[in-house]
1. From Cα pairs below 8 angstrom and at least 6 apart in sequence, can you work out the relative contact order of region 2-92, rounded to a whole percent?
2. Listed here are the pairs Lys62/Lys270; Lys106/Lys173; Lys9/Lys324; Lys17/Lys219; which of them are more than 24 Å apart at the Cα?
3. Between region 254-277 and region 93-123, what is the separation of their alpha carbon centroids in Å?
4. Please sort 281-290, 9-18, 243-252 by packing, taking for each peptide the average over its residues of neighbouring beta carbons within 10 angstrom, highest first.
Amino acid sequence: MLLDLARSKKILFFGGKGGVGKTTVSAATAIARANEGARVLLVSTDPAHNLGHLFDRSIGAKPVKIMAGLDALELDPASTVEAHMREVSGALHQLMPVNQHGEIDKHIALSRDAPGMQEAAILERIAEVVETGLEDYDLIIFDTAPSGHTARLMVLPEMMSAWTEGLIKQREKADRFAEIVRDLGRDSSMEDKTIGGAGRNEQERESKIRQILLRRRRKFAHLRDALSDGERTSFVIVLAAERLPVLETIELNSLLESAGISVDYLVVNKRSPNDSGEFLSERRAQEDLHMQTLQQALPEIPHQDLLLMAHDIVGLEAVERLSKKL
Ligand SMILES: Nc1ncnc2c1ncn2[C@@H]1O[C@H](COP(=O)(O)OP(=O)(O)O)[C@@H](O)[C@H]1O
Ligand SMILES: [Mg+2]
């Protein structure tokens, strides 16, 4: 059962195509655990946030209380990108001579809208939520954006650490070069007054830049560890028993696997009942064929079916009713 998995983990990610029920099922899981006495944080990372719509109230970048034991928040991509750019810009200003600051600002303004920027910013916030959230909560549940987007996020920590790694190496090379130049040009009569003093300033500047880079690297490395630690973290794919969602689930699983993240559970949502008329029984039989494809491709991943309800699932009470079926 999904709930057994939720009981044994500290971090759960829900992914899958748009409209399959990620937000609904992750909220139901959060409520089920909160009702068992766990302290749960439900986090939406989808730029098209719908936790607010689900609970019919406004939810922002700070945790709000949904019920006893359950807080929710929506990561805000726009302000996250702003904060991220401010920090990157500050770091670059420190790295480069003043006469290049104009260039840097131009570059930053352009890259604000670059592809991947929003993902990188959200990833950084996920890293922070994981790092600080586990002190206050027993379980953190991430309701993520549709498949492709999520998977790109999941492999990003690797890319981000490679990027900071490169910068650090570059700095080290530059440091050594500067040292050699200093040694070559050293005039013993001036050493203490001028060059020694400048050297100290330089060192302070260097260590500040290094700290920024190392801090970012630690953040991503920490997230990387959390994501690939199967003891603490699980990824759940929500899908419908239809052809495309099944094929995408198989693809998403292999993408995550290649990033060292294991998918531990599948929720097959909106299954047609087979006792509600001929039309739905026929639909059910069609779904069963797609389920065979799924089970042949991913035989080792347990799954749970959730029936299609007659009505949309909106509001705390409706989600709580669904949570009893997990
Ligand atoms: N088992 C279900 N039965 C009926 N409607 C459902 C079920 N699960 C989800 N829904 C509805 O489907 C729509 C999409 O669900 P949502 O959780 O927002 O999907 P996602 O987050 O994957 O985009 C919502 O209107 C929701 O109420
Ligand atoms: Mg959603």
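Bear in mind these aren't lab numbers, they're just calculated from the coordinates by the rules spelled out. Given the structure is predicted, the values throughout are model-derived calculations rather than measurements. No Cβ is skipped: glycine too gets one built from the backbone with ideal geometry, and neighbour counts run over all protein chains shown.
1. On the way: 90 pairs, mean separation 21.1, N = 91.
That works out to 23 percent.
2. Working: Lys62/Lys270 32 Å; Lys106/Lys173 27 Å; Lys9/Lys324 19 Å; Lys17/Lys219 28 Å.
Pairs exceeding the cut-off: Lys62/Lys270; Lys106/Lys173; Lys17/Lys219.
3. Answer, in whole Å: 39.
4. Details: 281-290: 15.2, 9-18: 22.8, 243-252: 18.7.
Listed from highest to lowest mean packing, they are 9-18, 243-252, 281-290.
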